[in-house]
Amino acid sequence: MNESIRLTVDGRVVSGQKGQTILEVARNAGLDIPTLCHHPRISRTGACRICLVRVNGTALKTACTEPAADGMNVVSEDAELASVRRSILEMLLAEGHHNCLFCDANGDCEFQDLCHRYGIEEPRQPLPGRRRTTDTTSSKGLRRNEDRCVLCGRCVKACGEVQMLGVWDFTGRGDRTELTADCGGPVGESSCALCGTCAQLCPTGALTLQPVNGTAPTWETRKQTSVCIYCGVGCQIDFHTDSKGRLLYANGNENGPNNGHLCVKGRFGFDFVQHPERIRTPLVRRDGKLVEASWEEALDYAAARLSEIKAANGPDSIAGLASAKVTNEENYLFQKFMRTGVGTNNVDHCARL
Amino acid sequence: MLTTADIRKVVESYGTAREHLMLVLRDLQAMSGDNHLSTEVLKGVAQEMRLPESIVAGFVGFYSMFSVRPRARHVIRVCKSGPCHVVGASTIFRILSERFGLQPGTATPDGEFFLEACECLGVCSVAPAMMVDYDLHGNLTEERLVSILDGYRGKAASTGEQCGEETAGKAIVVNAPYPRRLLARVGHIDPTSIDSGIAAGNYSALKTVLSGMTPDQVVALVKESGLRGRGGAGFPAGVKWSFVDRKAPRRFVVCNADEGEPGTFKDRVLMEEDPHSVIEGMAICGFAIGATLGYIYVRGEYRRSIVRLEEAIRQARQRGWLGDRIQGTDFSFDLLIKEGGGAYVCGEETSLINSMEGRRGYPRFKPPFPGVAGFKNLPSNVNNVETFANVPIIVQHGAREYRSIGTANSFGPKLYCMAGHLRNPGLIEAPMGTTLVQLIETCGGLKEGSSFQFAQIGGSAGAIVGPADLELGMDFDQPLKKGLTLGSGSILVCDQSVCIVDFLRNVLSFFRHESCGQCVPCRVGTRQLYQLMDRIASGSGTPEDVEAMTTTAQIMKKASFCALGQSPIVPLQTALARFRDKLLDHCNPAHPCPVCSTGRGASKPLTAH
Ligand SMILES: Cc1cc2nc3c(=O)[nH]c(=O)nc-3n(C[C@H](O)[C@H](O)[C@H](O)COP(=O)(O)O)c2cc1C
Ligand code: SF4
Ligand code: SF4
Ligand code: SF4
Ligand code: FES
Ligand code: FES
C-alpha cells in the first residue's frame, strides 16, 4: 500500500505516498498552496476552487482532491492561476456581506488573509445583497452570521464527521444555498451539543464562539497551550488570553491527543478560573461561618479533627472523595493517605459514571 | 395533518435506509393535501429514518419538486425553458395571471391551484407545456389551458397512475426518410405488454448473449462497434465498461434517465414506448460487467416513464428476462427504479449517484470515477438511456453493420430532438452526422411565416449556430471542429421573432436556477451572468457588461467543479460571435427592444401545431 511517489512541485522534486493529494504532498514538503474549504480533519470537498493548480502543463486541478501521482509536474501558481484565485475571492466578497470592522474573526480569518494575499479590492461586479441568517444570541456557545459565510461546508463536516451529530447541513440550491441547523430555526434550539467544533473549523467569522470572559482584538491575544482539567482524555487546549492575561476563548490544539477536538466542558468550562468568587485560600468554619485561613492553619485544623474523629469513632468513620481535576499521581497519593494514614478503604473518586 | 403513524407507515413501506428518502418524502408530500412538507413531518422522517434533521431539511431544500410551504391541492408547473419560452411560455403565465390571478409562487384563494415556473418537462415538441400534478399537457392555447384546469377543480391530485392527456410517443416521432432501429418498435407495440415487445424483437439480443457469449466478448463487441455515450459527452461505451472494477464484491449498472437538458425528450419516448429495449440493454451490460443489479434513475417529472418501466420490469421478471437465473442460465440480474426530485444537475453522473443515495445532488470530484466507486461506493457503470437502447441493436446486427451507420468515429443511429419554430417538431431517428439542414427539412422546414435566425444545438449548454452552419453534420466530431458540441442531440430552431438577448437571458436564468451551488465560480458566476444579461435586456447595460460576461464565463469554464458551470461560456461565446452587435444595440437606451422590454420574452398568440 505504502507506495512512494516522486513529483515536481514548482520545480522542486518532492516525495509522498500513493493516495495522498497534491496538497498533502506539497504541504509536507513545506510548500504553500492556498486553500479555503480544505481542512485536514474532514473529508475532501473541492468546492471553493482556490487551490487549483496546474498539472502537467495544462490541466487545472484542485490540489486538495487530486491524487498525487508519480512523475507529475505541478505548478502551484502562475499568472492565470492567480487571476482565477482573485476572481473567486472577488465572487465570494460580492456574494457575502463582509465588514471586518465588526467581525469577530477580524485578524484571524482565512478569507481575509487570502484577500490580502491577492490584493482584492471592492468587487468589480457587485451583487445586490441577499442577507442570510444572523443569530448571535440564541445559542450559549455559537454566534452565527451567515452573511460572512463562504459556503465552504467545513462546519457541516465538522459536526457530521467529527462531532458525529450533523446539526448543520446546506439547504437551498445554487445561489440560494444557505445553512440549516436541524430543520431550520435558531441554532440555540437545535440539537447542538455545544462542542464548538464547527466554529473552530469555520475559516471566516460566520460561525464564532460566544465569548466566555469578554473579547479582545485577535491581534492582541496570546495563545497558551494547556491540558484540559476535566477528564482522563487529556485534551490539549489552546487558551487565548488578552493583554491582561484574561482567558477569552479556547480551541482544541490540532496537534494534541484530541486532534483539535473539544467537548463543551473543555471548550467553555473555564470561566471559574478567573472568577472573582473562585475560592483562592483555604476556608475554615469559625462560629458557623467559613472564613479565609492560611494553608498551615487549615491543614493543622483538618489533621487535628481527623485524628480526633479517628480516635473517637475508628478509621472507618472517615471517608475520602477525590477529584477528577487532579492528576493521577495526586489521586494515588490521596488513596495512599486514606489507607495508610487514616487507615480506611473508604476512598473514592468523582469520575465514576 | 399527518400523524407519526402515517410517517412510520410510509417509512416502513420503503425501509429506513437513507437511499429511500426521495420516495418517502414524495409520498408524504402527496399525502399532505396541499403539496408540502411541514417541519413536523421533516422531523418525524428524520426520527423514523434515524437521520439528522438537517439532512432531511437540506435534502428537501435541494429538490425543486418539494416545498416546505403549503401550496395547493394541484400544483401547476409551467415550463419556462428555451423551447417553451420561444413559442410563448410567457403568454401562458400572462393568461394564468389574467384568468386565475396566479403569479408564480402563489395559490388561488380557493386552495385549488398553485403556480410554479419550472424548467424543461421533456415534451418540447408540443411546447408550450405545463405539468399539473403529474399530468403533462402540451400544445397549450388559452382555451385549452382554461378547460384543462377546469377539469381538475374539486378532484384529488393525480397520483400518476393515470398519466392524463396522452402526449404519446407515436404523435411526436417525425416521419423520416431513415431506417428506424432505435425507434423500430415505437408506435408499433403496446409498451404495457411484454408479449407485444417480444414479438417485435425485444430480448432477442439478450438471448444471443446468454447463449454462448462471454462477458469479455460482449465488452469487446461494444468496443468494436464504436458506440459512444448518448448522454452528452460521447465517451466510448465499451471502454467505459472495461474500466469497471471487477475486483469489488458487487457492482451496479446505472441508467441515467434524468433527461433534464432543455429541449431533450428522446429518453422519455424510449422509456414510455419501448421500455424493454432499455431493460435489455442494461441486462446485457450487467452480463458484460458482472453486475446482478441495476438502477434506472428517472427524473421525478417523468411519471409515465416510471409507471411504464415499473410495469415492464414486473412483466420481465414474470417472463424470466429479469431476476434469478435469467432464462435458466447462470446469469441473474434485476432492476430497481430511483426517482429524481427536480434538479437538472442530477443528470451529472456523480450527482446522480449522490441523489440515488438520498443526498443533495452535489457532483462528486473525480477520481474516483463511478466505475471504481459509484453507488454505495461500489463500482457503477453509468450510461444514458439511449446508449443502453443501442446495445441490443449492436448485438443483433454485429459491430460491422453498426459501424456502417453514421460517420467516422460517430457510429450508429442517433435520436435528434427537434423543437422550436418548425412545421413538424418531434423526434427524428437518423444516422449520426445527418446535417442540420436535413434534420430541419425532415421536420417540414420552418413554420409558415418563419425564417431561420439561429438554432441552439444540444440544450441550454449548447452552442448557438447561424445560417452558415446549416450544412454541419450532427455527430460528435464535426461540431467540435467549430467549437460546438452535439450534447444530448437536441436542436432548437428559432425564427426571426426571437430576440437573442432575451433568449440568452432565458438560458442564463436556467443555469442560475440549476446550479447546485457547491462551488464558488458557478454558484456566484451563474448569478452574475444572469444579472448582467438582465441588465442588458432591460436597456441599462453597458458594453463593459458584455465583456464582463465573457470574463466571468471564462473563469467559470476554468474553475468550475463540474460541466454545468463550465458550459455557460458555450452559448454566450457562440452567440457573441454572431450577435455581438445586437447585444451592443441593447445597451443603447434610445433603442428599447420590443421583445425584451415587454417582460420575459415574446408574448404572442398561441396556436396549436
Ligand atoms: C449538468 C449535467 C447534466 C447532465 N445531464 C444528463 C442527463 O440528463 N442524461 C444523461 O444521460 N447524461 C447527462 N449528463 C452526462 C452524464 O454526466 C454522463 O456523462 C452520462 O450519463 C454518461 O452516459 P453515456 O456515456 O451513455 O453518455 C449530464 C452532465 C452534466 C454535467
Ligand atoms: S457546536 Fe458542536 S454540536 Fe454544535 S453544531 Fe457545532 S459541531 Fe455541532
Ligand atoms: S459557516 Fe463557516 S464553516 Fe460553515 S460553510 Fe460558512 S464559512 Fe464555511
Ligand atoms: S459547477 Fe455548478 S453545478 Fe457543478 S458543482 Fe459547481 S456549483 Fe454545482
Ligand atoms: S481548498 Fe481545494 S477546493 Fe477548496
Ligand atoms: S417542455 Fe418546455 S422546454 Fe422542454
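Failed condition for A:GLU161, given (1) in the same structural domain as A:GLY266 (by TED's automatic domain parsing); (2) not in a loop (DSSP other than H, G, I, E, B), with all others met?
Failing condition for A:GLU161: (1).
Exactly one of (1) of a type in the set (Asp, Glu); (2) part of a helix (DSSP H, G or I); (3) within 24 Å of the chain's Cα centre (by Cα) is unmet by B:ASP475. Its number?
Among (1) of a type in the set (Asp, Glu); (2) part of a helix (DSSP H, G or I); (3) within 24 Å of the chain's Cα centre (by Cα), the lone unmet condition for B:ASP475 is (2).
Of the numbered conditions (1) surrounded by fewer than 24 Cβ atoms within 10 Å (Cβ to Cβ); (2) in contact with a helix residue (DSSP H, G or I) (Cβ under 8 Å, 6 or more places away or on another chain); (3) farther than 22 Å from B:GLU19 by Cα, B:CYS285 fails exactly one; give the number of that condition.
Here B:CYS285 clears every test but (1).
Give me the pairs, please: first residue somewhere in the stretch A:47-65 and part of a strand (DSSP E or B), second residue anywhere and within 7 Å of ligand 5 (Cβ to nearest atom), beta-carbon distance under 6 Å, and either six or more positions apart or on two chains.
Close Cβ pairs (under 6 Å, with a partner that is within 7 Å of ligand 5 (Cβ to nearest atom)) amount to A:LEU52/A:THR62; A:VAL53/A:ALA63; A:THR62/A:GLY46; A:THR62/A:CYS51.
With part of a strand (DSSP E or B) and within 11 Å of chain B (Cβ to nearest Cβ) as the only criterion, which of A:ASP175, A:ASP169 stands out?
Unique residue meeting the criteria: A:ASP169.
Inspect all residues belonging to the stretch A:135-150 and state whether any of them is out of contact with any Phe, Trp or Tyr (no Cβ under 9 Å at 6 or more places or on another chain) and facing chain B (nearest Cβ under 8 Å).
Checked the stretch A:135-150: no residue is out of contact with any Phe, Trp or Tyr (no Cβ under 9 Å at 6 or more places or on another chain) and facing chain B (nearest Cβ under 8 Å).
Could you list all residues from the stretch A:33-71 that are charged (D, E, K, R) and within 25 Å of A:PHE170 (Cβ to Cβ)?
A:ARG41, A:ARG44, A:ARG49, A:LYS61, A:GLU66
Being within 28 Å of the chain's Cα centre (by Cα) and surrounded by fewer than 18 Cβ atoms within 10 Å (Cβ to Cβ) is the filter here; which residues of the stretch B:535-553 pass it?
Across the stretch B:535-553, the qualifying residue is only B:THR550.
Identify, from the list B:SER451, B:SER460, B:SER488, the residue that is surrounded by fewer than 20 Cβ atoms within 10 Å (Cβ to Cβ) and not charged (D, E, K, R).
Answer to the check: B:SER451.
Residues are listed down the side, and each one gets a yes or a no for (1) modelled with pLDDT of 95 or more; (2) part of a helix (DSSP H, G or I); (3) not assigned by TED's automatic domain parsing to the domain that holds B:GLY371:
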residue: B:GLY281; (1), (2), (3): yes, yes, no
residue: B:CYS285; (1), (2), (3): yes, yes, no
residue: B:ALA288; (1), (2), (3): yes, yes, no
residue: B:TYR297; (1), (2), (3): yes, no, no
residue: B:GLY300; (1), (2), (3): yes, no, no
residue: B:ARG304; (1), (2), (3): no, yes, no
residue: B:LEU309; (1), (2), (3): yes, yes, no
residue: B:ILE313; (1), (2), (3): yes, yes, no
residue: B:GLY320; (1), (2), (3): yes, no, no
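In the stretch A:134-148, which residues are surrounded by 18 or more Cβ atoms within 10 Å (Cβ to Cβ) and away from ligand 2 (no atom under 14 Å from the Cβ)?
Correct list: A:ASN145, A:ASP147, A:ARG148.
Hey, could you check the stretch B:481-514 for residues that are touching a Ser or Thr at 6+ places or on another chain (Cβ under 6 Å) and within 30 Å of B:PRO592 (Cβ to Cβ) and say which is farthest from ligand 6 (Cβ to nearest atom)?
B:GLN496
Could you list, in sequence order, the residues of the stretch B:434-448 that are within 8 Å of B:ARG423 (Cβ to Cβ) and part of a loop (DSSP other than H, G, I, E, B)?
B:CYS443, B:GLY444, B:GLY445, B:LYS447, B:GLU448
Could you check the stretch A:242-353 for helices (runs of 4 or more DSSP H) lying wholly inside it with 1 or more residues that are surrounded by fewer than 13 Cβ atoms within 10 Å (Cβ to Cβ) and at pLDDT 95 or above?
A:295-313, A:328-336
From the list B:GLY459, B:GLY444, B:GLY371, B:GLY361, which residue is on the phi > 0 side of the Ramachandran plot and at pLDDT 95 or above?
None of the others qualify; the one that does is B:GLY444.
Here are A:GLY119, A:GLY107, A:GLY96: which of them is of a type outside the set (D, E, K, R), in contact with a helix residue (DSSP H, G or I) (Cβ under 7 Å, 6 or more places away or on another chain) and more than 14 Å from chain B (Cβ to nearest Cβ)?
The conditions single out A:GLY107.
The values are calculated or read from the model by the stated rules, or taken from the named source; none is laboratory data. This one's a predicted model, so the numbers in the text were calculated from it and none came from an experiment. When we count neighbours, we look across all protein chains shown, and the Cβ atoms used for this are built from the backbone with ideal geometry, even at glycine.
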